[in-house]
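First up is the structure itself, then whatever we jot down about it.
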Amino acid sequence: MKRSKVAIIGAGPAGCVAALTLNKLGHEVEIFEKGQFPRYRVGESFLPGTLSILNRLGLQDKIDAADFVKKPSATFLWGQDQAPWTFSFATPKTAPWVFGHAIQVKREEFDKLLLDEVRERGVTVHEGAAVTNVDISAADRVSLTVRQDDISRVIESDFVIDAGGAGSPLARQLKARRYDEFYKNFAVWSYFKRKEPFEGDLKGTTYSITFEDGWVWMIPLKGDIYSVGLVVDRSKSSEVKELGPEEFYRQTLAKATRATEILGEAEIIDEVRIVHDWSYDSDHFSADRYFLCGDSACFTDPLFSQGVHLATQSGVSAASAIDRITQNEDEFEAVHQWYNRSYRETYEQYHEFLASFYTFASFTEPESEFWLKRRISESDDARLSRKQWFDKLVQDDPENPTASVADFRDRASTMIAIGRHQRKDLSDEFSEEELNIARVRWISDLTKQLNRITRLEWTGEEVLLKPYYKVEPLSFRLEQKQVLTNENGLDMIKFPVEEEHREIFQIVTKEQVGYKTLIKQLNDSGKQEVSSQIVIRLMEAGLLTGYDKNDNRVVVQDRLRFDGVGTEYEV
């Protein structure tokens with residue numbers, strides 16, 4: 001097996017997970033970290049998918065021993081006078097690495113745990129080593145200028161992964177960063193001493209709470225500490241300058257009465273911190289011999305706690321991509337295309353998901369500057385001109401009501417309804433089981449809609465297969481699979497298939513086939529666990545259209561997708 005030498009900039013979750021994956025795949029790795037660990041970072045709340053990655057990389061025992069707060073869900077007091085709703089992580093354990101919970105961590109402790117593990121596995125780590133320049137001009141190598149102890153030296157490697165965070169040296173050098181016009185927010189936060197207020201199924205949950213000027217995050221950490229942050233519009237910067245960060249924080253938090261009720265008499269125990277300009281992406285995420293990971297590549301918004309998951313997922317993907325290129329040099333461009341597409345689609349999923357929930361809340365909160373700016377009500381919103389999900393949303397298709405701004409808001413409403421509490425006040429009486437009625441009803445309604453389909457129509461003349469990559473869950477190798485596509489390049493990449501599945505869908509182009517018949521054929525072919533998901537994904541991708549017995553189009557509302565929860569694990 002061929003080995004590559006890989007330099008990694010940054011020792012946060014993206015850099016450490018990339019290093020652990022590359023080490024597992026047999027490559028030589030060296031990390032350059034400008035800071036010294038332990039060091040402070042915000043971003044304490046995780047998704048189950050991150051635990052899945054760490055589990056498969058062999059860190060489960062150390063995660064368990066650290067005794068982090070178990071996070072069963074995220075709970076939202078989202079919209080004025082709206083009953084609370086909970087986004088539960090409960091899911092069937094279909095594999096040992098599928099988790100029905102996440103964790104809340106102190107990042108200085110968690111990040112050091114990761115870095116210590118990286119060292120224990122033989123990876124060379126340099127702390128206090130700032131990368132000042134990255135030379136990517138050569139076709140066969142990368143050169144890093146590293147400054148440590150006031151001495152500069154040049155390091156050569158076959159590839160570089162920039163996991164250097166928001167201050168990423170390579171992304172800055174490439175001038176690839178594009179700031180987001182929709183999420184023009186900033187955050188002000190601190191920490192409170194507060195014992196967990198609830199027992200039972202709300203214990204350990206993250207709270208997101210709207211108020212007139214924005215929303216509040218509340219994250220319980222071990223040691224009876226709460227991370228409490230305000231997300232407000234960038235226009236509030238002048239007030240921060242006038243009042244000072246702490247007074248602005250105190251006065252603004254006081255407006256969020258539902259948050260202060262949970263805090264009770266708790267007192268601030270730390271300094272007040274601020275971060276600006278956090279929402280951005282890059283015009284590309286990899287090329288030649290470099291890969292951008294985590295916050296060096298993009299960041300959306302902290303509402304659904306996806307930052308660390310996007311970092312760890314991209315770290316695995318970059319490592320797997322480098323391994324594939326090393327073993328198959330003729331696939332160089334194809335692997336880069338996969339990395340850029342898969343990363344962008346995951347980022348845009350989060351972006352779309354968040355925008356829908358902001359839009360929903362904007363119709364319930366007072367018409368303040370914050371909420372009016374976060375409402376999508378027009379099909380020509382210039383702030384979203386670069387977003388592929390928005391282009392798809394407002395496509396001109398009069399027969400498909402899901403391609404509309406109105407339906408976009410309803411998608412959030414649907415998800416909220418599934419997790420709605422039976423009472424307006426949070427209490428120990430909340431039970432995970434009380435959400436089951438709404439879940440069963442939603443699945444039943446969806447199944448009835450699908451069962452109405454007596455004729456499926458394939459878009460185009462041909463059902464084709466094309467190569468696409470998937471990261472194998474245990475080996476972490478990037479393997480070439482096949483996915484369904486048509487002659488015009490429209491495809492569905494979530495579920496890999498084989499020739500026998502292509503033949504099943506080819507029949508749809510020649511004969512009248514209904515939903516029930518198609519599902520039976522897919523079940524018989526060995527896809528019984530995902531058969532309905534394959535059909536739904538094909539409908540969402542525009543490759544399949546369903547019609548009822550009266551030949552009326554059956555429209556199934558597009559779901560808001562979110563990697564890292566349930567079985568939506570991309571890696």
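Where the second residue is aromatic (Phe, Trp, Tyr) and in a loop (DSSP other than H, G, I, E, B) and the first is outside the structural domain of GLY58 (by TED's automatic domain parsing) and lies in the stretch 455-473, which pairs have Cβ atoms under 9 Å and are six or more apart or on separate chains?
Close Cβ pairs satisfying both conditions: PRO473/TRP97; PRO473/TYR569.
Looking only at residues that are of a type in the set (D, E, K, R) and at pLDDT below 90 in the stretch 353-373, which one is surrounded by the fewest Cβ atoms within 10 Å (Cβ to Cβ)?
Filtering first and then ranking leaves GLU367.
Considering only the stretch 200-219, I want to know if a residue exists there that is assigned to a strand (DSSP E or B) and more than 26 Å from the chain's Cα centre (by Cα).
no
Checking the conditions here, which among GLU239, GLU265 is assigned to a helix (DSSP H, G or I) and farther than 22 Å from VAL565 by Cα?
Residue meeting the stated conditions: GLU239.
Say whether the condition of being of a type in the set (Ser, Thr, Tyr), touching a residue at least 12 places away in the same chain (Cβ under 8 Å) and out of contact with any strand residue (DSSP E or B) (no Cβ under 8 Å at 6 or more places or on another chain) is met by at least one residue in the stretch 516-529.
Yes, the conditions are met somewhere in the stretch 516-529.
Scan the stretch 177-196 residue by residue and report those that are under 29 Å from VAL240 (Cβ atoms) and outside any strand (DSSP E or B).
Once the filter is applied, which keeps residues that are under 29 Å from VAL240 (Cβ atoms) and outside any strand (DSSP E or B), the stretch 177-196 yields ASP180, GLU181, PHE182, TYR183, LYS184, ARG194.
Does the stretch 421-444 hold any residues that are part of a helix (DSSP H, G or I), surrounded by 12 or more Cβ atoms within 10 Å (Cβ to Cβ) and not aliphatic (A, V, I, L, M), and which are they?
Scanning the stretch 421-444 gives GLU432, GLU434, ASN436, ARG439, ARG441, TRP442.
Condition test on VAL125, is it touching a residue at least 12 places away in the same chain (Cβ under 8 Å), closer than 18 Å to PRO38 by Cβ and in the same structural domain as ILE63 (by TED's automatic domain parsing)?
In short, yes.
Take the stretch 13-34 and flag every residue that is out of contact with any strand residue (DSSP E or B) (no Cβ under 7 Å at 6 or more places or on another chain) and part of a loop (DSSP other than H, G, I, E, B).
LEU25, GLY26
Among the residues of the stretch 268-291, which ones are among the aliphatic types (A, V, I, L, M), buried (at least 16 other Cβ atoms within 10 Å of the Cβ) and in a loop (DSSP other than H, G, I, E, B)?
The one that is among the aliphatic types (A, V, I, L, M), buried (at least 16 other Cβ atoms within 10 Å of the Cβ) and in a loop (DSSP other than H, G, I, E, B): VAL272.
For every residue, the table says whether it meets (1) surrounded by 15 or more Cβ atoms within 10 Å (Cβ to Cβ); (2) of a type in the set (A, V, I, L, M).
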| site | (1), (2) |
| --- | --- |
| ASN185 | yes, no |
| TYR191 | yes, no |
| GLY223 | no, no |
| VAL232 | yes, yes |
| SER235 | no, no |
| VAL240 | yes, yes |
| GLU247 | no, no |
| ALA254 | no, yes |
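Looking only at the stretch 196-221, count every residue that is among the small types (Gly, Ala, Ser), more than 18 Å from TYR358 (Cα to Cα) and crowded, with 22+ Cβ neighbours inside 10 Å and tell me the total.
0
Find the residue count for the stretch 401-420, including only residues that are surrounded by 14 or more Cβ atoms within 10 Å (Cβ to Cβ), within 24 Å of GLN82 (Cα to Cα) and either of a type in the set (A, V, I, L, M, F, W, C) or in contact with a Gly (Cβ under 8 Å, 6 or more places away or on another chain) (or both).
Adding up the residues that qualify gives 6.
The values are calculated or read from the model by the stated rules, or taken from the named source; none is laboratory data. All values reported here derive from a predicted model rather than from experimental measurement. Cβ sites come from the backbone with ideal geometry, for glycine too, and all protein chains shown count toward neighbours.
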